[in-house]
Every structure is written in structure tokens, then in C-alpha cells.
Amino acid sequence: MEEKKKDQLERDIKVEGAESKVAKESHNSEKQKTAAADSNEQENSTPEDHKDKNEHDNNKETTQAKEEEKDPLAEAQKEIEELKDRYLRTAAEFDNYKKRTLREKADLILNGGVKTVTAILPVLDDFERAIADKSEDPKVIKEGVQMIFNKFVKTLESLGVKKIDTKDQDFNTDYHEAVAMVPGMGDDKKGKVIDCVQTGYTMNDKVIRHAKVAVGQ
């Protein structure tokens, strides 16, 4: 009886060993088939397949790059709008400046003589008082006129107006205007001012009226 059990146990061990061996061989066979399939797929793939795959990857990268880049047309339009706005602002500022300048010029023309007239008014007051004076003494009248004249000259000097000096001066076309030539005055008077017919004046060193003179010949 014990021998039968022993024989049965040995048979079971052999069967289990055989089944384990078969399972192991079956597993190894599956691995070999999978490896062979992968190898066949790589061998069967053509250069065109690799090229298509690379092109697909490149197109994908290009699309992403384009999406990341800004639209140049939109950027140009934005810059144009900014330049247009800047131009309009500049044009408006220049137009306002031109209007303001014209207005100031008109005001200067209309009111530029106010300072001069205001300075001369006291002299006019002196003339009114001289006319109203009842004195008949020629000497007093002459002194009064001389005082008014001196005051008027000082008023003009305060405004930058000065008389052109002509006495014993060389004839200078920048300041003098010859209205007569006087011969026989001698060599020392040749080319010099002999007489002033009409006084000339400068204003702020600019000639506003030439002195009319007679010149030695």
C-alpha cells in the first residue's frame, strides 16, 4: 500500500515538472515572437515612413513657433496707428502755436506804440502849459521851449532813440545822406560833413533816418 502511494507521488512530481517546463517554454516562445514582430516592423518600415514622421514633427514645431510669434501685419497696423496719432497731435500743436503767434503779432502791432506814446505824453502836457501861459516876454518863452525840447530829447533817448552826430565827421554812407557838395573848402574839409540839413536818428543802434548833410569837395 505504501509502495503504491510512493509511486503515485513520483508520478505527480513528474507531471508537475513537465507542466512547469511546458509553461516556461511557452513563455519563452511568446517573448521570441514579440521580439521577432518588432524586428520585422523595423525592417519593413521604409525611408518614406521615417520622412513622413519627421515632416509631421517638423510641421508641428513650425505651427507652434508661428503661434508663439506675433502677427507682423497686426504689428505694422498698430505702429501706423501710433504714428498717425502722433502726427495729428503734432499738427494740432503747430496749428495752435501759429494761431497764438499771429494773435501776439497783431496785439504787438496794435499796442506796440503804447510805451512810446505814454513816454511822450508828459512832453505834450508841457506844450499845453506853454500855450496856456500868458507871458509875452520872448526870453521866457524861448527858455520854456528849450526846456520842453531838452525833456523831449531825453524822453527819446530813454526809448533808445539817439541823434546821429555830424559835426566835423567824415562822410559815412551808413549814417549820412549827401544832399549837396561844397567845393573850395580845402583839403582838410574834403570828404567831411560841412553842414547838417536834417538831423538823423538811430534807434537801438539801427538807423531809422539818415542825416542829410553837405559834404566838402
Checklist entry - Pairs K115/K162; K105/K206; K151/K206; K142/K162; K115/K212: which are spaced more than 26 Å apart, C-alpha to C-alpha? => result K115/K212
Checklist entry - Please state the Cα pair-distance histogram of the range 81-164 with 5 angstrom bins from zero: what percent is in each bin? => result 3, 12, 13, 12, 10, 9, 8, 6, 6, 5, 5, 4, 3, 3, 2, 1, 0, 0
Next on the checklist: Within 14 Å, Cβ to Cβ, of I148, how many net charges do the neighbouring residues add up to if Lys/Arg are +1 and Asp/Glu are -1?
Outcome noted: -1
Next on the checklist: Could you give each residue of the range 145-152 its phi-based ³J(HN,Hα) in whole Hz, using Karplus coefficients 6.51, -1.76, 1.60 with θ = phi - 60°, and x for Gly or Pro?
Outcome noted: 5, 4, 5, 5, 4, 4, 5, 5
Checklist entry - What full-extension length gain, to one decimal in nm, is calculated for T173 and K189 as 0.36 nm per residue of separation minus the Cα-Cα distance? => result 4.1 nm
Item to check | Environment charge of L110, counting only residues whose C-beta is closer than 15 Å and scoring Lys/Arg +1, Asp/Glu -1 | outcome: +1
Next on the checklist: What does the net charge come to around T90 if you take all other residues with beta carbon closer than 13 Å to its beta carbon, with K and R at +1 and D and E at -1?
Outcome noted: 0
Item to check | Sulfur and carbon atoms: percent of accessible area, the range 82-217 [1.4 Å] | outcome: 56
Checklist entry - Ordering L108, L121 by how much accessible area each has at a 1.4 Å probe, largest first, what is the list? => result L108, L121
Checklist outcome for this item: Low-density loop trypsin sites (Lys or Arg not before Pro), the range 128-167, at most 11 other Cβ within 10 Å, DSSP non-H/G/I/E/B, are K134, K167
Checklist entry - In sequence order, what are the phi-derived ³J(HN,Hα) couplings for the range 209-214 according to the Karplus relation 6.51 cos²θ - 1.76 cosθ + 1.60 with θ = phi - 60°, rounded to whole Hz, with x for glycine and proline? => result 7, 6, 7, 8, 9, 9
Next on the checklist: Using DSSP to call loops (not H, G, I, E or B), can you name the GluC sites (Glu not before Pro) in the range 99-177 whose Cβ has at most 13 other Cβ atoms within 10 angstrom?
Outcome noted: E136
Item to check | Protection proxy ranking, peptides 109-120, 186-197, average beta carbon neighbours within 10 Å, highest first | outcome: 186-197, 109-120
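The values are calculated or read from the model by the stated rules, or taken from the named source; none is laboratory data. Computed from a prediction, not measured in an experiment: that's the story for all the values here. Cβ atoms come from the backbone with ideal geometry, glycine included; neighbour counts cover every protein chain shown. We work out accessible area using only protein heavy atoms, side chains counted, and drop any ligands, DNA or RNA first. Shrake-Rupley method; radii C 1.70, N 1.55, O 1.52, S 1.80 Å.
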